[in-house]
Amino acid sequence: MTVLEAIQKSADFLAKKGVESARLQAELLLAHQLGQPRMKLYLNFDRVLTADETDGLRELVKRRGNREPLQHITGSTSFQGHEIGVSRHALVPRPETELLAELGCEFLRATQAPTPTALDFGTGTGCIAITLAAKCPGASITALDLSPDALALARQNALKNLVAERIQFCLGDGFCALKSAAAINVSPRQFDLIISNPPYIASAEIETLEPEVKDFDPRAALDGGPDGLGFYRRLAAEAPEFLRPGGKIMVEFGDGQADAIKTIFENGKWIVESIQEDYSQRARILIASR
Ligand code: GLN
């Protein structure tokens, strides 16, 4: 079988399994199997695959056909130019979140503080914390998560991206992670920026999501409680104690949640400064201060 035939056959199979962008996915899986960039496939359409390569590809395509996310199969994804390892223990980083991380960086760079501080609330793979650490070399970053497995993955990702010594990792449920005995040496206790992409799907809605999400992202990374807004209520109520004067909170949220979240923060005496749209013009990020 040639490269081109393998792509076509895999793409047909994936399309039948309901996978979106089946051709692109087939190309990415073959590129992964061959250990080369996808574009290189185009220069070698007529190359005949070895038996091992064909067997390897068949396995990968079978997994993707079972709707396992591409990123779980390849083991990583790119986030703001950083390679971030992914696993079943943390949410696969999404492109929308790159924008949140970027806004966080811009704010940290603009603060007057000699060592700006940021807290990534619910760090998952660590994608936001790692971006902040890498792009704001003067800043001190704290990342917390409820899941020890996610935190281990985040630490590994930070090591791989050479920013591990700039991030403090705290295990625990929300701000409690900063108050726990294990976090006693964590400084600072207050932050210029509190940034979060919390779980925001209403519990009952999770079953309606694509298999890639509902069957492979950890439930704890998706589930925002009965109405999906539980974490925003917690953040609005608990974050003020951890915010430095002049600090800001930046949170990502889901489609259609903008008004509800704005109300939650305003009721909590926050000043909502702006609501930013994502690449598809959907309201996505709320920025607020005290
Ligand atoms: N902060 C991580 C991310 O944005 C994890 C988010 C989550 O688990 N809800 O990818």
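Observations on the structure shown:
- For segment 1-115, the dipole from Cβ point charges (+1 on Lys and Arg, -1 on Asp and Glu) about the Cα centre works out to 300 debye, to the nearest 20.
- Tensor-based shape of segment 157-264 (alpha-carbon gyration tensor, a/c under 1.5 rounded, otherwise prolate or oblate): oblate
- Three-way shape label, the chain, alpha-carbon gyration tensor, a/c 1.5: prolate
- Cβ-derived FRET efficiency at R0 35 Å, D173 paired with E273, nearest 0.05: 0.80
- Computed over the chain, relative contact order equals 13 percent, with contacts defined as Cα pairs under 8 Å that lie 6+ residues apart.
- Choice from L243, L209, L159 with maximal GNM fluctuation in the chain (Cα, 10 Å cutoff): L209
- Each Cα pair under 8 Å and six or more residues apart adds its separation to the average, and for segment 193-255 the resulting relative contact order is 53 percent.
- Segment 34-100: C-alpha gyration tensor shape, a/c 1.5 cut-off, then a/b vs b/c: oblate
- About its Cα centre, segment 66-223 has a charge dipole of approximately 580 debye under the convention of +1 per Lys or Arg Cβ and -1 per Asp or Glu Cβ, with nothing else charged.
- Note on the chain: dipole from Cβ charges, positive end direction compared against L24, G104, L57; the farthest Cα belongs to G104.
- Point-to-point label distance, A110-S203, nm (Cα→Cβ direction, 7 Å offset): 3.9
- Look at where the Cα atoms of segment 1-74 and of segment 97-155 average out, and the two centres are 34 Å apart.
- As an equivalent ellipsoid, segment 1-150 spans semi-axes of 38, 16, 12 angstrom, where each value is the square root of five times an eigenvalue of the C-alpha gyration tensor, largest first.
- Over segment 99-221: Rg over Rh, Cα atoms, Kirkwood Rh: 0.99
- Most fluctuating residue given options A139, A239, A204, as computed from a GNM of the chain linking Cα atoms under 10 Å: A204
- Model label sites at S280 and E238, defined 7 Å from Cα along the beta-carbon direction, differ in position by 3.1 nm.
- Scattering profile of segment 1-78 at q = 0.24 Å⁻¹ [log10 I(q)/I(0), Debye over alpha-carbon scatterers]: -1.15
- Peptide ranges 256-263, 231-238 listed from the most packed, as the mean C-beta count within 10 angstrom indicates: 231-238, 256-263
- Angle between the chain longest axis and helix 148-160 axis [Cα atoms, degrees, rounded to 10]: 80
- Phi to ³J(HN,Hα) by Karplus 6.51 cos²θ - 1.76 cosθ + 1.60 over segment 224-231, Hz, x for Gly, Pro: x, x, x, 10, x, 9, x, 6
- Distance violations [Cα-Cα > 20 Å] among K179/K262; K16/K40; K160/K214; K16/K62; K248/K269; K17/K214: K179/K262; K16/K40; K160/K214
- Net dipole in debye of the chain [+1 Lys, Arg Cβ; -1 Asp, Glu Cβ; about Cα centre; nearest 20]: 460
- The label-point distance for T74 and R47, in a model that sets each label 7 Å from Cα toward Cβ, rounds to 1.7 nm.
- Cut-off under 5 Å, modelled amide H: who pairs with T117 long-range: S140, D192, L193
- Label-zone membership for segment 65-87, site A152, 7 angstrom Cα→C-beta point, backbone N under 13 Å: 87
- Highest-fluctuation residue, L70, L14, L49 considered, GNM on the chain with Cα pairs under 10 Å: L49
- If R0 is 35 Å, the Cβ-Cβ spacing of R38 and K16 corresponds to a FRET efficiency of close to 0.95.
- In Hz, Karplus ³J(HN,Hα) per residue of segment 84-97 (6.51, -1.76, 1.60; θ = phi - 60°; x = Gly, Pro): 10, x, 10, 7, 5, 8, 8, 4, 5, x, 9, x, 4, 5
Throughout, read-outs are computed from the coordinates displayed, never taken from laboratory work. Fair warning: this is a prediction, and the values are worked out from it, not measured in the lab. Note that we place each Cβ from the backbone using ideal geometry, even for glycine, and neighbour counts take in every protein chain shown.
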